[in-house]
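Bear in mind that the values in this text are calculations on the coordinates, not laboratory data. In this text the structure is predicted, and so the values were computed from the model without any measurement. Reconstructed Cβ throughout: ideal geometry from the backbone, glycine too, with neighbour counts over all protein chains shown.
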Amino acid sequence: MKKSIIDIKVLLIIPCYNEELRLKTELFIQFKKNNPNIHFLFVDDGSHDTTPDILKDLCTKMQHSNFLRLDNNIGKAEAIRTCILGLKNDTKNYDFIGYFDADLSTPLEEVNDFLRVIEKNPTTLFVMGSRISRLGSNIIRKKRRHYLGRVFATVVSIIIKEKIYDSQCGAKLIKSLYVQKLFEDKFTSKWLFDVELIIRWNIYNPNTNKSIYEHPLKKWSEVSGSKLKIKDFLSAPFELLSIWIKYRKHLRTI
């Protein structure tokens, strides 16, 4: 039976690292009041500021919200992976599990657009946000990052043999049935794990290639204080090469 968006139960993981100046707690609280079907799991990735205290206080103000504190900074990929592996059998309590960036560069309201995609087409099992600037959208991004992103996306598309516009948008939603397997093994890259995630999806679910949907966001804005630096862009080719080496046998067949 097709579920309406208010019946689709979602867990959103929010990775946080030194976010005391960027964490808009009031937006989380307001969104949660209007969307009781969406639960939150915040993970503090070894912050050195007051982020843990802010998250602890925030979770006391929102029902169905929890927070995990990691002693050391292990990076976004492993922080999310740690949360998912820690859920174990609890993943069955949700229809979908995903992650959004803590700075809310992708507004929380976009989650409901993701769910409308799923409501309209129940065969969709993996929804990816995509920062496509078009008429009617409000995508605010520095030109340098935009053009670097376009070059990167072209290379990724060639490597994984998929027409992907934006693998790196930090907004994803995945059918809960599949997340434990997808996140079972460590990722090769801290920042490009989204690419590995798509490759793993195609390996583990070879007959569900039509189940991934890249959803154009209505709104996205670059927030100052990003942890992603220009050196990360410069190291991207080498990290992509490492990913290709790891999965090259599979990439020949998918």
Residue, surrounded by the most Cβ atoms within 10 Å (Cβ to Cβ), within the range 65-87, restricted to residues that are out of contact with any helix residue (DSSP H, G or I) (no Cβ under 8 Å at 6 or more places or on another chain) and outside any helix (DSSP H, G or I) | 75
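Matching residues to (1) in contact with a helix residue (DSSP H, G or I) (Cβ under 7 Å, 6 or more places away or on another chain); (2) under 16 Å from residue 9 (Cα atoms); (3) in a helix (DSSP H, G or I); (4) free of Cβ contacts under 8 Å to residues at least 40 places away in the same chain:
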position	(1), (2), (3), (4)
54	yes, no, yes, yes
89	no, yes, yes, yes
113	no, yes, yes, no
129	yes, no, no, no
136	no, no, no, no
146	no, no, yes, yes
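Filter the range 40-57 down to residues that are buried (at least 20 other Cβ atoms within 10 Å of the Cβ) and out of contact with any Pro (no Cβ under 9 Å at 6 or more places or on another chain) and give me whichever is farthest from residue 71 (Cα to Cα).
We begin by selecting, within the range 40-57, every residue buried (at least 20 other Cβ atoms within 10 Å of the Cβ); these are 40-45, 51, 55.
Those left that are additionally out of contact with any Pro (no Cβ under 9 Å at 6 or more places or on another chain): 40-41, 51, 55.
Details: 40: 20, 41: 17, 51: 13, 55: 15 Å.
For the range 40-57, the residue satisfying everything is 40.
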Consider residue 173 carefully, then state whether it is surrounded by 19 or more Cβ atoms within 10 Å (Cβ to Cβ) and either touching a strand residue (DSSP E or B) at 6+ places or on another chain (Cβ under 7 Å) or within 24 Å of residue 78 (Cβ to Cβ) (or both).
-> yes
Is it true that some residue in the range 72-84 is free of Cβ contacts under 8 Å to residues at least 40 places away in the same chain and out of contact with any Asp or Glu (no Cβ under 8 Å at 6 or more places or on another chain)?
-> yes
Residues of the range 12-31 being of a type outside the set (Ser, Thr, Tyr), part of a helix (DSSP H, G or I) and over 21 Å from residue 84 (Cβ atoms), in sequence order, are 26, 27, 29, 30, 31
The condition from (1) within 28 Å of residue 5 (Cα to Cα); (2) in contact (Cβ under 8 Å) with a residue 60 or more places away in the chain that residue 142 misses is numbered (1)
